[in-house]
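Just below is one structure, and these are the notes that go with it.
The values are calculated or read from the model by the stated rules, or taken from the named source; none is laboratory data. This structure is a prediction, so every number in the text was calculated from the model and none was measured. Virtual Cβ from ideal backbone geometry, glycine too; neighbours counted across all protein chains shown.
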Amino acid sequence: MKILLGGIVALIIGCIGLFIWWFEFLKVLKGVIPIILVLGGALAVYLGIEDIKTTSASPPPEEKPAEKKE
């Protein structure tokens, strides 16, 4: 019950703070979005390169001979 009341109080204070400091929030958001995009793009490039390395380093799958049906 204490956690629920704490969450409600935090929600109310957060909404009031967001309303009061709306333009400062937008300035922070403008600064954070490019950083997130750069870091996310770098992570995607790194994971793509690692995927290519893993795919090219693994041996090709063995083919099973086709079974003859009588």
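Filtering region 14-70 to residues that are outside any helix (DSSP H, G or I) and modelled with pLDDT of 80 or more leaves only W21. For first residues located in region 1-22 and surrounded by 10 or more Cβ atoms within 10 Å (Cβ to Cβ), partners that are of a type in the set (A, V, I, L, M, F, W, C) and lie 6+ apart or on another chain with Cβ distances below 9 Å form the pairs G17/F25; L18/F25.
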